[in-house]
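**Q** Below: one structure in structure tokens.
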Amino acid sequence: MRAIAGIVVRELLRFLRQRGRLVSSLARPFVWLVFAGAGFATVFSGAGAIDYRRYLAPGLLGMVVMFGSLLAALSTVTDREAGVLRMMLVAPIRRSTLALGKTLGATLLGTTQAVVVGALLLSLLRLWPGPAGLLLGCAAIVLSGLALGALGLVLAATMRSIENFAGVMNFVVFPMLFLSGALYPVRRLGPWLRALVHVNPLAYGVDLLKHALLGEWAGTGYGGEMPVALDVAVLAAFAAAGLAIAAALLGREGGVTRTAFRSPA
Amino acid sequence: MTATAIDARGLGKDFGAIRALGGLDLEVRQAEFFGLLGPNGAGKTTTVHLLATLLRPTRGTARVAGYDVVREDLETRRRIGLVFQETTLDRDLTVEQNLSFAARLWNLPGRVAGPRIDELLVQFGLRERRRDPVRALSGGMRRALDIARGLLHEPRVLFLDEPTAGLDPRSRRSLWELIQRLRSASGLTVFLTTHYVEEAEPCDRVAVLDRGSLAALGTPAELKRAAGVSSLEAVFLARTGHPLAASSAA
Ligand SMILES: Nc1ncnc2c1ncn2[C@@H]1O[C@H](COP(=O)(O)OP(=O)(O)OP(=O)(O)O)[C@@H](O)[C@H]1O
Ligand SMILES: [Mg+2]
């Protein structure tokens with residue numbers, strides 16, 4: 001218990017020290033709101049049914065959680081490079097405790113950012129989902145944070161160095177974003193892409209956020225499309241599976257021996 | 001009757017086709033200041049990682065502080081301190097934050113950790129730097145902090161893997177003095193690896209490791225007498241047929 005708190009506190013301290021990360025993570029969704037909002041609004045076929053900027057709100061929050069949690073969990077790669085991971089592995093804690101601490105730290109960072117951005121966004125767009133909607137929204141943010149944090153940890157455990165970061169952005173982060181329904185409804189995508197949507201945790205998080213924030217538009221086809229219970233179950237399953245896999249991967253011998261630390265000379 | 005701190009029997013490790021450690025038989029007594037001397041690639045780090053539960057042995061068994069390193073890995077880890085060959089501090093955190101992070105990982109309650117951290121900061125000459133980020137410290141100070149952190153939970157056995165390697169001569173000397181002061185500490189067993197003979201010389205007993213197997217074991221005086229030579233360097237040459245220094249050029 002104390003070990004988990006220690007890991008979470010360290011994540012917070014590191015985040016607060018990185019002023020640039022703080023500013024950019026809070027500013028990013030508003031930049032998207034202005035530019036993507038203005039651009040997509042001109043081609044958005046939902047015009048008349050819903051203002052595109054409002055449609056975008058759940059997706060932007062999902063994006064904040066994804067960047068916050070997934071990237072925080074990916075920092076485990078730098079922990080490995082700096083040697084801090086070895087020190088955690090020699091502590092008298094189980095690998096699963098380590099994985100849980102890392103995921104909770106990442107979730108805390110992602111959800112805090114999303115709650116701050118969410119409050120600003122909702123008042124800016126004069127979107128008032130009511131107390132039940134707000135509650136569901138918070139639950140959606142926390143569940144997405146857990147699922148994406150666990151996923152980030154699995155990625156981190158399989159990566160040799162942070163040089164693969166660009167690969168993660170191109171092959172994981174951006175596809176997840178574009179196939180999540182964050183920017184446009186996914187129901188008109190072809191069958192192949194739609195299949196990918198169904199294995200994308202962010203899609204379930206964004207869908208849950210749409211249920212929470214766009215309840216008013218539920219009848220227009222721009223609210224949540226999948227059952228709330230399914231969204232919740234899939235996110236929880238992603239989090240649990242991610243944690244189990246990450247714990248197993250972190251416990252491998254490669255987690256501490258030199259091959260995992262130094263690129264082959 | 002002295003208790004056994006480390007008891008390795010036929011302990012060995014292969015990495016694929018590479019035999020990093022053959023089959024090590026070794027007993028280290030409690031409160032002993034023990035040196036493992038060997039050139040680069042001898043298998044020193046492999047030995048330490050096996051004893052610290054970070055590697056699974058390919059063959060053999062080992063008990064550390066009374067616990068089996070494979071079956072009772074958590075219990076073993078609870079009772080050992082390990083200072084890795086490369087520093088493992090979080091360079092973005094301050095000296096104090098690094099220590100409190102470790103205190104939580106080792107499950108020390110705040111009222112125990114606070115005074116213990118103060119004590120170690122004084123002991124290792126880091127009190128004035130407690131609020132500085134680690135990246136602002138010199139190499140010698142970082143190593144001192146690594147060692148302080150290894151001692152935080154009052155381990156029964158402290159492993160130091162080449163603690164002074166890579167430091168300039170002056171920092172090496174002052175760090176070595178800090179390490180020497182650990183001998184008097186109540187009952188602490190120190191297991192030190194090194195490729196410097198001058199660091200093996202003051203050890204209670206020395207094991208000479210070469211290419212994954214034990215070439216000699218005893219007090220420095222015994223080793224020199226048995227080989228009929230006057231320095232540990234010459235002992236190494238007599239027992240292995242090649243000089244210690246030549247292979248440590250890398
Ligand atoms: N993870 C690994 N994978 C493959 N080979 C390894 C691995 N770790 C160590 N080795 C090999 O095992 C042998 C012993 O290595 P070890 O690191 O234990 O030596 P050492 O005595 O600590 O050397 P140094 O003074 O360089 O630290 C070397 O040949 C090394 O290349
Ligand atoms: Mg070594």
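**Q** Using only the Cα atoms of chain A, construct the convex hull and provide its projected area averaged over every direction, in square nanometres to one decimal.
**A** 14.7
**Q** Please name which of A:99, A:44, A:229 has its Cα lying farthest along the dipole of chain A towards the positive end, using unit charges on Cβ (Lys, Arg +1; Asp, Glu -1) and the Cα centre as origin.
**A** Farthest towards the positive pole: A:99.
**Q** Same structure again: Scale the Cα Rg of the range B:86-154 by the rule-of-thumb value 2.2 N^0.38 Å and send over the ratio, two decimals.
**A** 0.98
**Q** If you don't mind, another one. Counting other Cβ atoms within 10 Å of each Cβ, which GluC sites (Glu not before Pro) in the range B:10-106 have at most 13 and sit in a DSSP loop?
**A** Passing sites in the range B:10-106 do not exist.
**Q** Separate question: Given B:98, B:39, B:166, which one lies farthest toward the positive end of the charge dipole of chain B, if we put +1 on the Cβ of every Lys and Arg and -1 on the Cβ of every Asp and Glu?
**A** The Cα lying farthest towards the positive end belongs to B:98.
**Q** Checking the cross-link filter: which lysines have an alpha carbon closer than 23 Å to that of residue B:224, excluding same-chain neighbours under 8 positions apart?
**A** B:44
**Q** Would you grab the residues whose amide H sits under 5 Å from the one on residue B:15? Only those 5+ places off in sequence or on another chain, please, with H modelled 1.01 Å from N.
**A** B:20
**Q** Here is a follow-up. Stokes-Einstein at 4 °C, 1.567 mPa s, Kirkwood radius from Cα pairs: D for the range A:22-66 in µm² s⁻¹?
**A** My calculation gives 118 µm²/s for D.
**Q** Here is a follow-up. Can you list the HN-Hα couplings for the range A:207-222, worked out from phi with the Karplus curve (6.51, -1.76, 1.60; θ = phi - 60°), rounded to whole Hz and with x for Gly and Pro?
**A** In residue order, the calculated couplings are 4, 5, 5, 5, 4, 6, 9, 10, x, 4, 9, 3, x, 8, x, 10 Hz.
**Q** With everything on Cα atoms, drop me the angle between helix A:95-124 and the longest principal axis of chain A, reported from 0 to 90° to the nearest 10.
**A** For helix A:95-124, the angle is close to 30 degrees.
**Q** Could you pull out the trypsin sites (Lys or Arg not before Pro) across the range A:45-121 that fall in loop regions by DSSP (anything but H, G, I, E, B) with no more than 14 other Cβ atoms inside 10 Å?
**A** Those satisfying the criteria are A:94.
**Q** Then there is this: Just to verify a number: FRET efficiency for residue B:230 and residue A:199, C-beta to C-beta distance, R0 = 51 Å, to 0.05?
**A** Efficiency, rounded to the nearest 0.05: 0.10.
**Q** Another question, if that's okay. Assign unit charges at the C-beta atoms only (+1 for Lys and Arg, -1 for Asp and Glu), then state the dipole size of the protein assembly as shown relative to its Cα centre in Debye, rounded to the nearest 20.
**A** Using only the charged Cβ atoms, the result is roughly 360 debye.
**Q** Can you give me the long-range amide H partners of residue B:5? Hydrogens built in the peptide plane at 1.01 Å from N, cutoff under 5 Å, separation of 5 or more residues or another chain.
**A** B:28, B:29, B:30
**Q** Report the charge-dipole magnitude of chain B in Debye, nearest 20, computed about the Cα centre from +1 at each Lys and Arg Cβ and -1 at each Asp and Glu Cβ.
**A** Value, rounded to 20: 280 debye.
**Q** Still on this structure, please answer the following. Measure nothing but the geometry: give the 0 to 90° angle between the long axis through the Cα atoms of A:130-158 and the longest principal axis through the Cα atoms of chain A, rounded to 10°.
**A** Approximately 40 degrees, to the nearest 10.
**Q** With charges set only on the Cβ (+1 for Lys and Arg, -1 for Asp and Glu), what does the dipole of the range A:32-161 come to about its Cα centre, in debye to the nearest 20?
**A** Roughly 260 debye, rounded to the nearest 20.
**Q** Report, ordered by chain and residue number, the aspartates and glutamates lying within cross-link reach of residue A:210, taken as a straight Cα distance under 20 Å and ignoring same-chain residues fewer than 8 apart.
**A** A:51, A:225, A:231
**Q** I've got another one for you. Quick one: divide the alpha-carbon radius of gyration of chain B by 2.2 N^0.38 Å and tell me what you get.
**A** Compared with the compact-globule rule of thumb, chain B sits at 1.00.
**Q** Taking every residue in B:44-53, how many Cβ atoms of other protein chains lie within 10 Å of its Cβ, on average?
**A** Going residue by residue through B:44-53 and averaging, the value is 2.
**Q** With everything on Cα atoms, drop me the angle between helix B:110-123 and the longest principal axis of chain B, reported from 0 to 90° to the nearest 10.
**A** Long axis of B:110-123 versus the principal axis of chain B: about 60 degrees.
**Q** To continue, here is another question. For the range B:132-250, calculate the relative contact order in percent as a whole number, restricting contacts to Cα pairs under 8 Å that are 6 or more residues apart.
**A** Relative contact order of the range B:132-250: 17 percent.
**Q** Now for a separate question. What is the ratio of the Cα radius of gyration of the range B:1-138 to 2.2 N^0.38 Å, where N is its residue count, to two decimals?
**A** Dividing the Cα Rg of the range B:1-138 by 2.2 N^0.38 Å gives 1.23.
**Q** Report, largest value first, the span of the C-alpha coordinates of the protein assembly as shown along each principal axis, in whole Å.
**A** Each principal axis gives a Cα extent; for the protein assembly as shown these are 97, 49, 40 Å.
**Q** Here's a follow-up. Calculate the spin-label point distance for residue A:126 paired with residue B:3, positioning each point 7 Å from the Cα along the beta-carbon direction, and give it in nanometres.
**A** Between residue B:3 and residue A:126, the simple spin-label model gives 7.4 nm.
**Q** Output the relative contact order of chain B, whole-number percent, from Cα pairs under 8 angstrom with separation of 6+ residues.
**A** It comes to 26 percent, rounded to a whole number.
**Q** Next up: From Cα pairs below 8 angstrom and at least 6 apart in sequence, can you work out the relative contact order of the range B:86-154, rounded to a whole percent?
**A** Relative contact order for the range B:86-154 comes out at 50 percent.
**Q** Sorting check: for A:15-21, B:206-212, A:235-241, which peptide has the highest mean count of neighbouring beta carbons within 10 Å, and how do the rest follow?
**A** B:206-212, A:235-241, A:15-21
**Q** Give the order of A:144, B:213, A:180 when sorted by the count of other beta carbons within 10 angstrom, beginning with the fewest.
**A** Fewest-to-most ranking of A:144, B:213, A:180: B:213, A:180, A:144.
All of the numbers you see were taken from the coordinates with simple rules; none came from a lab. Just so you know, these numbers come straight off a predicted model, no measurement behind them. When we count neighbours, we look across all protein chains shown, and the Cβ atoms used for this are built from the backbone with ideal geometry, even at glycine.
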